Amino acid sequence: MTILMFGANIAWVSYDSILLLPLVQKVVPADRSSLAVGILAFAANMIGILVSLLAGILSDHGTSRLGRRTPGILIGSLVGFPVIVCAVFFHLSLLVVVISFTGMQIFTNIANGAWWPLLVDAVPEDQRGLASGLQGFYTLLASAVSFVVATYLNEIHRPDLALICMAGCFALTGVVTSLTIRKVDRPAAQPDPISLREALQGMFRVRTRVAVFFWVVFSGFLVNMGLNSLQYFARDFLGIYFNQPDPDAALRLVGLINLVVIMAAAVGTGLLSDRIGRRPLIVAGALVSALMTVLMALTRNFNIFLALTVIRAVATGPIMAVIPALASGLAPRQEAGQYMAYNNLTTALPSALAPLLFGAILNFRGASTPSSFVALLLVAAGFYLLGGIVFGSRVSQAALGA
């Protein structure tokens, strides 16, 4: 079931972290490229957030014979393919990049919004930590594959092949997931059709309010702001801050080390959280991540940076794996689509806001410099710290019911 997260994250990581910046740099001057990426990523991700929320709400009311969640998964994955690869077949311009990238956000989030409620629909409570850990594993495996394949194809000046590969992978995993869930995905037990207008009007209204759920979402948003600080700018960071002669190769190395460690930590902490509880793992992960990020800002030694990256990756595991498991346990079953769409805000909203904020920091005085990357890392550490404080103070064990 979780294989869709592999395909969706192949698209997100390949485009967000590897392809978008060099594509924009081909059509926008260097002193404005980081800010241009930030503005485009902000706008496209905000549209994606809206689409994900609507897809979750509409799927709660689904009456299709295919089930509540399957139609959205199939529409997103299959229609998304030609939209993403339009940048391959048209002369590259800023408009073409905008259409391709925004289309990727729209259709991946249609499938994503329909998929997340399956954690509530199909997974028993005592296995949600494991399921969330596997989702995190596929997410990070996709990141590892993206860093190997997309960076190599970009290095040999074939971003067109990278776009085709990532769009094809997303389409294939959407089909596989739909076939996997065909026996458990059913139409709504009590059909309650809803129009698009009604879904828009009720987007931020819930019938059953679970206050602690929203504190979990807010703290997850803060932590992921820190986690996403370099998402769109890692290639420039390695070239400018560490003077790496081949930033694509350096990005591939750092990405793989980081992701292999996070994959192990995500699955391990997902299993551990089913036994010892989820709260302490999230608080510890946020605080350790904050400390490691501050230390990254204090070194220009690439080897020390790699060591700090490994430690932060271990701390990031609980953030990747445990927050979705915690959220799925708090979501009311009747509103699972809407609530899990809110949970998507923990990652989707930072993906929109982080490039805008950190792109502005990097281009505050013109082109990016080592000093601007120091400022970026310190601000990112502040988000980690604030997220840990909010979660520790507002999400009590008593409120979690355990």
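The values are calculated or read from the model by the stated rules, or taken from the named source; none is laboratory data. This is a predicted model, so every value here is computed, not measured. Don't worry about glycine lacking a Cβ; one is built from the backbone with ideal geometry, like all the others, and counts go over all protein chains shown. Accessible surface areas use protein heavy atoms only, side chains included; no ligands, DNA or RNA. Shrake-Rupley method; radii C 1.70, N 1.55, O 1.52, S 1.80 Å.
Considering region 35-53, and only residues there that are within 16 Å of Tyr15 (Cβ to Cβ) and not hydrophobic (A, V, I, L, M, F, W, C), the residue that is farthest from the chain's Cα centre (by Cα) turns out to be Gly38.
Is it true that Ala313 is within 19 Å of the chain's Cα centre (by Cα), surrounded by fewer than 24 Cβ atoms within 10 Å (Cβ to Cβ) and either of a type in the set (Gly, Ala, Ser) or farther than 21 Å from Ile389 by Cβ (or both)? So Ala313 fits the description; yes. Pull out all pairs, ordered by first then second residue, where Cβ-Cβ is under 7 Å, the residues are six or more apart or on different chains, the first lies in region 71-84 and is in contact (Cβ under 8 Å) with a residue 24 or more places away in the chain, and the second is surrounded by fewer than 18 Cβ atoms within 10 Å (Cβ to Cβ). Going by the 7 Å Cβ cut-off, the qualifying pairs are Pro71/Ser64; Ser77/Val175; Phe81/Gly168.
Any residue at all in region 341-358 that's part of a helix (DSSP H, G or I), more than 19 Å from the chain's Cα centre (by Cα) and surrounded by fewer than 24 Cβ atoms within 10 Å (Cβ to Cβ)? Within region 341-358 (the criterion being part of a helix (DSSP H, G or I), more than 19 Å from the chain's Cα centre (by Cα) and surrounded by fewer than 24 Cβ atoms within 10 Å (Cβ to Cβ)), the answer is no, since none of the residues qualifies. Only residues that are open to solvent by less than 10 Å² (accessible area, probe 1.4 Å), touching a Leu at 6+ places or on another chain (Cβ under 9 Å) and not in a helix (DSSP H, G or I) were counted in region 48-70, giving 1. A count restricted to region 366-395 and to residues that are part of a loop (DSSP other than H, G, I, E, B) and over 18 Å from Ala297 (Cβ atoms) stands at 3. May I ask you to list pairs of residues, at least six apart or on different chains, whose Cβ atoms are under 6 Å apart, with the first in region 199-210 being in contact (Cβ under 8 Å) with a residue 24 or more places away in the chain and over 22 Å from Val51 (Cβ atoms) and the second being in a loop (DSSP other than H, G, I, E, B) and not β-branched (Val, Ile, Thr)? Sorted first by the residue in region 199-210, then by its partner, the pairs are Thr208/Pro332. List the helices (runs of 4 or more DSSP H) that sit entirely inside region 101-182 and contain at least 3 residues that are farther than 16 Å from Leu20 by Cβ and open to solvent by 20 Å² or more (accessible area, probe 1.4 Å). Hits in region 101-182: 128-155, 159-180. Given the criteria surrounded by fewer than 20 Cβ atoms within 10 Å (Cβ to Cβ), over 18 Å from Cys165 (Cβ atoms) and hydrophobic (A, V, I, L, M, F, W, C), does Val96 qualify? Here the answer is yes, as Val96 does meet what is asked. Checking each residue in region 196-227 for being among the hydroxyl-bearing types (Ser, Thr, Tyr) and open to solvent by less than 60 Å² (accessible area, probe 1.4 Å) picks out only Ser219. Residues in region 256-267 that are buried (at least 23 other Cβ atoms within 10 Å of the Cβ) and not hydrophobic (A, V, I, L, M, F, W, C): none. For region 184-195, the count of residues that are open to solvent by 30 Å² or more (accessible area, probe 1.4 Å) and assigned to a helix (DSSP H, G or I) is zero. List the pairs whose first member sits in region 364-389 and is within 30 Å of Pro29 (Cα to Cα), whose second member is small (Gly, Ala, Ser) and open to solvent by 60 Å² or more (accessible area, probe 1.4 Å), and whose Cβ atoms are under 7 Å apart, counting only residues at least 6 apart or on separate chains? Close Cβ pairs (under 7 Å, with a partner that is small (Gly, Ala, Ser) and open to solvent by 60 Å² or more (accessible area, probe 1.4 Å)) amount to Ala367/Ala30. For Ser59, the criteria (1) at pLDDT 90 or above; (2) under 27 Å from Thr180 (Cα atoms); (3) touching a Gly at 6+ places or on another chain (Cβ under 8 Å) hold in every case but one, which is (1). Hey, can you tell me all the residues within region 382-402 that are crowded, with 21+ Cβ neighbours inside 10 Å and farther than 14 Å from Phe213 by Cα? Matches in region 382-402: Phe383, Tyr384, Gly387, Gly388. Of everything in region 228-252, what is in contact with a Leu (Cβ under 8 Å, 6 or more places away or on another chain) and either assigned to a loop (DSSP other than H, G, I, E, B) or open to solvent by 50 Å² or more (accessible area, probe 1.4 Å) (or both)? Give them in sequence order. Result: Ser229, Leu230, Tyr232, Phe233, Arg235, Gln244.
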